[in-house]
Amino acid sequence: MKNYENVVIFDHPLIRHKIAILRDERTSMKEFRELVEEITTLMTYESLKDGVLTTEIEVKTPLETCKQMVVADNSVVIVPILRAGLGMVNGIHVLFPSARVGHIGMYRNEETLKPETYYCKLPVGIEEKLVMVVDPMLATGGSACDAIQLLKDKGCKHIKFMAIIGAPEGVSKVAETHPDVDIYVSTLDRCLNENGYILPGLGDAGDRLFGTK
Ligand code: PRP
Ligand code: URA
């Protein structure tokens with residue numbers, strides 16, 4: 001895959017370790033859910049190092065008063081792509097408890113692999129916030145591209161996208177369709193199979209998070 005200025009692929013031993021367990025077909029639903037949250041928190045720490053609104057406050061230490069920068073309340077909105085994106089929400093809330101949550105419901109048509117949108121509910125005022133769109137799997141890139149476009153059509157100007165596993169096809173598609181959106185992927189896999197599943201991947205993220213099949 002070519003290098004894109006708006007794409008960050010994490011290459012961190014802690015994340016790699018957790019992803020190895022996440023991929024394992026023997027990993028239980030509970031452990032899978034916990035790992036998705038933990039990986040999301042690690043990614044959030046890095047991906048939100050810029051673009052977050054901060055504000056100056058005065059803090060009185062035991063010795064003197066000083067000015068300090070803190071994250072502005074309610075400055076981030078998390079938008080999970082249902083269903084699997086829901087698994088990443090708590091991983092961001094740990095760091096940004098005041099973040100509101102919008103939901104975009106999409107599923108991939110199994111034959112065409114094209115996303116179909118079935119739900120959208122976004123917090124009032126989202127246009128001015130930093131919007132973190134989250135979905136553990138970035139396969140063909142169709143769902144991510146459409147979700148980001150939907151948010152842009154609603155007036156959102158500051159959007160970041162975060163996925164745990166990306167296929168080169170999907171990462172390139174989102175990077176080229178939305179060059180103004182920063183894309184964070186914790187690991188880049190080899191390719192897609194004929195059914196649009198990521199290889200080696202981890203299977204169906206929604207099914208593994210919620211125990212369906
Ligand atoms: C999965 C995944 C993404 C999408 C990725 O969702 O969570 O939303 O597929 O594929 P794409 O990049 O090719 O669009 P799925 O449609 O299986 O729905 P689910 O989350 O309800 O299981
Ligand atoms: N969605 C998933 O859950 N897994 C894949 O490998 C591709 C899309």
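The values are calculated or read from the model by the stated rules, or taken from the named source; none is laboratory data. Keep in mind that what you see is a predicted model, and the values were worked out from it rather than measured. We place every Cβ from the backbone using ideal geometry, glycine too, and count neighbours over all the protein chains shown.
Within the stretch 68-77, can one find any residue that is under 30 Å from Lys213 (Cα atoms) and not aliphatic (A, V, I, L, M)?
Within the stretch 68-77, not a single residue is under 30 Å from Lys213 (Cα atoms) and not aliphatic (A, V, I, L, M).
Looking only at the stretch 108-127, count how many residues are under 16 Å from Ile78 (Cβ atoms) and of a type in the set (Lys, Arg). Walk me through it before giving the result.
Applying the first criterion (under 16 Å from Ile78 (Cβ atoms)) to the stretch 108-127 yields 119-127.
Okay, now just the ones that are also of a type in the set (Lys, Arg), so 121.
So the answer is 1.
Kindly indicate whether any position in the stretch 169-178 is among the hydrophobic types (A, V, I, L, M, F, W, C), at pLDDT 95 or above and not in a helix (DSSP H, G or I).
Step one: of the stretch 169-178, the residues among the hydrophobic types (A, V, I, L, M, F, W, C) are 171, 174-175.
Pick out the ones that are also at pLDDT 95 or above and you get 171, 174-175.
Now narrow it down to the ones that are not in a helix (DSSP H, G or I): none.
No: the stretch 169-178 contains no residue that is among the hydrophobic types (A, V, I, L, M, F, W, C), at pLDDT 95 or above and not in a helix (DSSP H, G or I).
Looking at the stretch 126-168, which of its residues are part of a helix (DSSP H, G or I) and of a type in the set (Lys, Arg)? Steps first, please.
So the first thing to find is which residues in the stretch 126-168 are part of a helix (DSSP H, G or I), and the list is 126-128, 142-153, 168.
Within the stretch 126-168, Lys152 is the sole residue that qualifies.
Matching residues to (1) closer than 26 Å to His178 by Cα; (2) charged (D, E, K, R); (3) surrounded by 11 or more Cβ atoms within 10 Å (Cβ to Cβ):
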position: Glu5; (1), (2), (3): yes, yes, no
position: Ile9; (1), (2), (3): yes, no, yes
position: Pro13; (1), (2), (3): no, no, no
position: Lys18; (1), (2), (3): no, yes, yes
position: Thr27; (1), (2), (3): no, no, yes
position: Thr41; (1), (2), (3): yes, no, yes
position: Glu46; (1), (2), (3): yes, yes, yes
position: Asp50; (1), (2), (3): yes, yes, no
position: Thr54; (1), (2), (3): yes, no, yes
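Of the numbered conditions (1) loosely packed, with under 14 Cβ neighbours inside 10 Å; (2) over 18 Å from Ile9 (Cα atoms); (3) not basic (Lys, Arg), Leu130 fails exactly one; give the number of that condition.
All conditions pass for Leu130, except number (1).
Yes or no: the stretch 141-160 includes at least one residue that is closer than 19 Å to Cys191 by Cβ, surrounded by fewer than 23 Cβ atoms within 10 Å (Cβ to Cβ), within 16 Å of ligand 1 (Cβ to nearest atom) and more than 16 Å from the chain's Cα centre (by Cα). Before you say what the answer is, go through the steps one by one.
The first filter runs over the stretch 141-160 and keeps only residues closer than 19 Å to Cys191 by Cβ, leaving 141-145.
Still in the running and surrounded by fewer than 23 Cβ atoms within 10 Å (Cβ to Cβ): 142, 145.
Subset that is within 16 Å of ligand 1 (Cβ to nearest atom): 142, 145.
Next, from what is left, pick out any that are more than 16 Å from the chain's Cα centre (by Cα): none.
Within the stretch 141-160, not a single residue is closer than 19 Å to Cys191 by Cβ, surrounded by fewer than 23 Cβ atoms within 10 Å (Cβ to Cβ), within 16 Å of ligand 1 (Cβ to nearest atom) and more than 16 Å from the chain's Cα centre (by Cα).
Going by the conditions given, is Gly206 near ligand 2 (Cβ under 10 Å from one of its atoms) and at pLDDT 95 or above?
Working: near ligand 2 (Cβ under 10 Å from one of its atoms): yes; at pLDDT 95 or above: yes.
Answer is yes for this residue.
Just one of (1) touching a Cys at 6+ places or on another chain (Cβ under 7 Å); (2) buried (at least 20 other Cβ atoms within 10 Å of the Cβ); (3) free of Cβ contacts under 8 Å to residues at least 40 places away in the same chain trips up Pro115, so point out which.
Pro115 satisfies every listed condition except (1).
Cβ contacts < 7 Å: first residue basic (Lys, Arg), restricted to the stretch 125-152; second residue surrounded by 24 or more Cβ atoms within 10 Å (Cβ to Cβ), any location; separation 6+ or different chain. Result?
Correct list of pairs: Lys129/Val76; Lys129/Val77.
If you go through the stretch 165-174, how many residues are surrounded by fewer than 22 Cβ atoms within 10 Å (Cβ to Cβ), away from ligand 2 (no atom under 12 Å from the Cβ) and of a type outside the set (Lys, Arg)?
2
Going through the stretch 176-194 one residue at a time, which ones are within 14 Å of Gly142 (Cβ to Cβ) and more than 9 Å from ligand 1 (Cβ to nearest atom)?
We begin by selecting, within the stretch 176-194, every residue within 14 Å of Gly142 (Cβ to Cβ); these are 176-178, 192.
Across the stretch 176-194, the qualifying residues are Glu176, Thr177, His178.
For Ser98, indicate whether it is among the small types (Gly, Ala, Ser), touching a residue at least 60 places away in the same chain (Cβ under 8 Å) and either under 19 Å from Leu48 (Cβ atoms) or touching an Asp or Glu at 6+ places or on another chain (Cβ under 8 Å) (or both).
Numbers: among the small types (Gly, Ala, Ser): yes; touching a residue at least 60 places away in the same chain (Cβ under 8 Å): no; either under 19 Å from Leu48 (Cβ atoms) or touching an Asp or Glu at 6+ places or on another chain (Cβ under 8 Å) (or both): yes.
Answer is no for this residue.
For the stretch 73-89, give me each residue that is away from ligand 2 (no atom under 16 Å from the Cβ) and crowded, with 16+ Cβ neighbours inside 10 Å.
If we filter the stretch 73-89 for residues that are away from ligand 2 (no atom under 16 Å from the Cβ), which is where we start, we get 73-79, 89.
Correct list: Ser75, Val76, Val77, Ile78, Val79, Val89.
Under the condition of being within 11 Å of ligand 2 (Cβ to nearest atom) and of a type in the set (S, T, N, Q), which residue from the stretch 178-203 is surrounded by the fewest Cβ atoms within 10 Å (Cβ to Cβ)?
This residue is Asn195.
Give me the pairs, please: first residue somewhere in the stretch 190-208 and assigned to a loop (DSSP other than H, G, I, E, B), second residue anywhere and among the aliphatic types (A, V, I, L, M) and more than 8 Å from ligand 1 (Cβ to nearest atom), beta-carbon distance under 8 Å, and either six or more positions apart or on two chains.
What qualifies is Arg190/Leu199; Asn193/Leu199; Gly201/Ile165; Leu202/Leu22; Leu202/Ile165.
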